[in-house]
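Working notes, beginning with the structure itself.
The values are calculated or read from the model by the stated rules, or taken from the named source; none is laboratory data. All of these numbers come straight from a predicted model, not from anything done at the bench. Neighbour counts are summed over all protein chains in view; Cβ atoms, including those assigned to glycine, are modelled from backbone coordinates with ideal geometry.
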Amino acid sequence: MNTAFAAPLPAEKSGERFPQQDLWRFDQASRRKVRPDVNGVFRRIFVFAGMVLLTAYLTSELIHVLSVGGFAALEIVLIGLFVLNIAWLSLSFMTALSGFLVVLFGIKPSIVSMVSEEEAKHLPEGRTAILVCTYNEAPERIFGMALATMKELETSGHGESFDVFIVSDTTDPDIWVHEEAAFKAARARPGNGPRLYYRRRAANTGKKAGNIADWCRRWGPAYDYMIVLDADSLMTGASIVQLAHIMDKKPEAGLIQTVPVTIGRNTLFARMQQFAGGLYGPIMASGLAFWHRGTGNFWGHNAIIRVRAFMESAGLPHLPGSPPFGGQILSHDFVEAALMCRQGWRVCMAPEIKGSYEEIPPSLIDFATRDRRWCQGNLQHSRIIGAKGLRPMSRVHLGMGIMAYLSALIWLLFLITALLLTIQQLTAKPIYFGGDQTLFPTWPMQDSERAMSLLFWTLALLLLPKLFGLVLALFSGEKRRGFGGIWGLGSSVVMETVLSSLFAHVMMMVQSAAIFDILRGRDSGWNPQRRDDGSLPMSWVVRYHLLHMTIGTALGIFTFMASLPLFLWLLPATLGLALSGPLSAASATRKWGERFKYLGIFAIAEERRPPAILLSARKHSEMLALDFSKHEAISQLAGDPQLRHLHRQLIELQPVTREARISPSLAVGRAKLEISADLPELLRLLKPNEKAALLSDPESLARLEQMILPFIPPPPAAKPAETVAVHVGERI
């Protein structure tokens, strides 16, 4: 059978409801009964009591430092901002400390029980769908990843328990047709036809969350579990099988989140992030799993989800009002996890499961662009955190998501307040005799010993988690070698600490500006991400960072002239902002990434010995890229009758919505189709959204096919038999 003409999608199995949840009404009697987690209570007491004690102690130290001569308004503001900052920092430190102790003493971090190798050889009881979500990404990359995953599952003997769905929200019509061509090419490969499916939505309702919800409504009831992957994520066959077996054994589990390792990037910025994730990530992940227990969080990908649990409890409502705080829920994963926990399902993090990978944006600007969307979504949780029936830990997760961005603004306000207070003290004339009659003057004094103690403990909270990671790596031969030995590990930690402190103040400004944007009512939109070299024209980078560089330079000049101690105290912020343009540009290029790689800095084990699944995905991507051309969409359809047949199959399987029938883009596209004399003229007239509308409409497609017939190239002349044989042999 020619797999190019096999059904591109399985028969729909709808019937189960996927209702939108009411955030403000909840029947406690509907919640599933779960056994209380006493162990988790004690673990949380340890973490949060430690956070409170550290916050109280350091706040008291600050109060003593500032208590000379009483408290003015600026000093009270400074103390308030300090409390918020140090509480957030203390929680992060206690999480890292917990993770360090877990790894050091071999404590089981999560409530997930791993499956033995013998058990993993058997087929899982439940059927699993692997959903690969894509939005205007390179098609050969997406399908290469899918083929590599399927190959590993087939090789291990578990292939019949898993189906792979490419669920596309692509809006670019050229990329859309390229996806179909890649799907046709992937299906044509032996053994890949029956379990690889592709579906593109004509309307991006609900964005990624809506994409997954559409799949759940149409095919979800046919599967027990689903594994969600993003375009930049990857999982080994062994990790996927392990997850499916764990779900079989743990019926109360609604979701199990793996901890992806960042790999595969070459720019300096991305390699620095990969190194930090590889060294410090396992500690933080183990610490989170230590106190999250069964009320954990969802990061949106590289996780397995029980379909029934998701459909009955995680349907997202629309928030009243308009964006950025109203409308659809952007950071949907946190909310879906909270809703599943509300219904009594366990949401677990499992750092023990290896073989889960993702990629990091290649540059600071790309990272900030993605971060802007996350910032809006997390701040939107301020309208959800008080929802009826949420577990206390779910409210903590939502609060942490909000603080992840508010902390940048709070830190900026703290620096500004401290700067104003210092300037006030430098410029104010001392008053030696107050209003009371006295023979003795009151000398201005500061408790310098307490001030140094406060600085020391604050730096300790920041730097000790890095030291934890360094210590564990130094005492593990395998980890130490993976990071490049003692020299590579030590130099990488130093460089990462320096660069991250410089980048942190740039991100502080970027995130603060994003918060102000959101408060002004500006929506982030939904833009595709760049995956490869992050280099940009220097002029563009300078424009992006011009305000940051101006503020940093002005701050450095002013503080140097005002006070040398103040200048030295603010030096990391000053340098980070003043040099943000050159640093951002240099760190976004592969050239600087390769230079640091040559010096053995920011090495990770996966860079030295890439995972087999990554190499397989790249190989399949390269082979697929040779199997189809990347022309303009209509021209590509003109030259490939099989692709036209597949395209028609796919659009006829699309549900016809009212919005599609009355689409203005379709109306304008049809008008241009009628007035165009030939295909070249039509292509000159059509805009991308009009082209996509025509290609989505069966009637317009029939008219379009008549127009492209004259432009179909003649079939190639037959080659001699021996030439064909050599060509096929080379491809094999």
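The table below gives the values:
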read-out	value
Every residue from segment 380-392 that is in a helix (DSSP H, G or I) and surrounded by fewer than 22 Cβ atoms within 10 Å (Cβ to Cβ)	Ser382, Arg383, Pro392
Unmet criterion (only one of (1) modelled with pLDDT of 75 or more; (2) polar (S, T, N, Q); (3) not assigned by TED's automatic domain parsing to the domain that holds Ala338) for Ser394	(3)
Lone qualifier among Ser676, Ser635, Ser629 - being modelled with pLDDT under 90, more than 30 Å from Pro282 (Cα to Cα) and touching a Leu at 6+ places or on another chain (Cβ under 6 Å)	Ser676
Unmet criterion (only one of (1) at pLDDT 85 or above; (2) under 41 Å from the mean Cα position of the chain (by Cα)) for Glu705	(1)
Single match in Phe298, Phe334, Phe310 (criterion: outside the structural domain of Val102 (by TED's automatic domain parsing) and closer than 30 Å to Leu461 by Cβ)	Phe298
Residue within segment 202-216 that is touching a strand residue (DSSP E or B) at 6+ places or on another chain (Cβ under 9 Å) and free of Cβ contacts under 8 Å to residues at least 60 places away in the same chain present	yes
Within segment 485-503, tally of residues that are under 17 Å from Ala270 (Cβ atoms) and of a type in the set (Gly, Ala, Ser)	2
Ala129 vs. criteria crowded, with 16+ Cβ neighbours inside 10 Å, touching a Phe, Trp or Tyr at 6+ places or on another chain (Cβ under 8 Å), touching a residue at least 24 places away in the same chain (Cβ under 8 Å) and farther than 25 Å from Val41 by Cα	yes
Condition check for Leu646: out of contact with any strand residue (DSSP E or B) (no Cβ under 6 Å at 6 or more places or on another chain) and more than 19 Å from His178 (Cβ to Cβ)	no
All helices (runs of 4 or more DSSP H) inside segment 252-345 with 1 or more residues being touching an Asp or Glu at 6+ places or on another chain (Cβ under 7 Å)	268-292, 307-313
Residue within segment 229-242 that is free of Cβ contacts under 8 Å to residues at least 12 places away in the same chain and over 19 Å from the mean Cα position of the chain (by Cα) present	no
Unmet criterion (only one of (1) touching a Gly at 6+ places or on another chain (Cβ under 7 Å); (2) crowded, with 17+ Cβ neighbours inside 10 Å; (3) under 23 Å from Ser476 (Cβ atoms); (4) not aliphatic (A, V, I, L, M)) for Glu607	(1)
Among the residues listed as Glu16, Glu12, the single one being in contact with a Lys or Arg (Cβ under 6 Å, 6 or more places away or on another chain) and closer than 30 Å to Ser313 by Cα	Glu12
Qualifying helices (runs of 4 or more DSSP H) (wholly inside segment 544-605; at least 3 residues being within 14 Å of Ile365 (Cβ to Cβ) and among the aromatic types (Phe, Trp, Tyr))	none
Residue within segment 311-319 that is touching a residue at least 40 places away in the same chain (Cβ under 8 Å) and closer than 27 Å to Leu147 by Cα present	no
Qualifying residue in segment 135-146 (condition: surrounded by fewer than 17 Cβ atoms within 10 Å (Cβ to Cβ) and assigned to a loop (DSSP other than H, G, I, E, B))	no
Qualifying residue in segment 644-654 (condition: at pLDDT 85 or above, crowded, with 16+ Cβ neighbours inside 10 Å, closer than 30 Å to Gly484 by Cβ and not assigned by TED's automatic domain parsing to the domain that holds Lys479)	no
Unmet requirement for Asp248, which otherwise passes all of (1) crowded, with 23+ Cβ neighbours inside 10 Å; (2) part of a helix (DSSP H, G or I)	(1)
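Residue-by-condition table, conditions (1) assigned by TED's automatic domain parsing to the domain that holds Met349; (2) among the aliphatic types (A, V, I, L, M):
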| site | (1), (2) |
| --- | --- |
| Arg199 | no, no |
| Asp224 | no, no |
| Leu229 | no, yes |
| Lys250 | no, no |
| Thr262 | yes, no |
| Tyr280 | yes, no |
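Table: residues versus (1) closer than 29 Å to Glu336 by Cα; (2) in contact with a strand residue (DSSP E or B) (Cβ under 6 Å, 6 or more places away or on another chain); (3) not in a helix (DSSP H, G or I).
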| site | (1), (2), (3) |
| --- | --- |
| Leu101 | no, no, no |
| Leu104 | no, no, no |
| Gly157 | no, no, yes |
| Val167 | yes, yes, yes |
| Pro190 | no, no, yes |
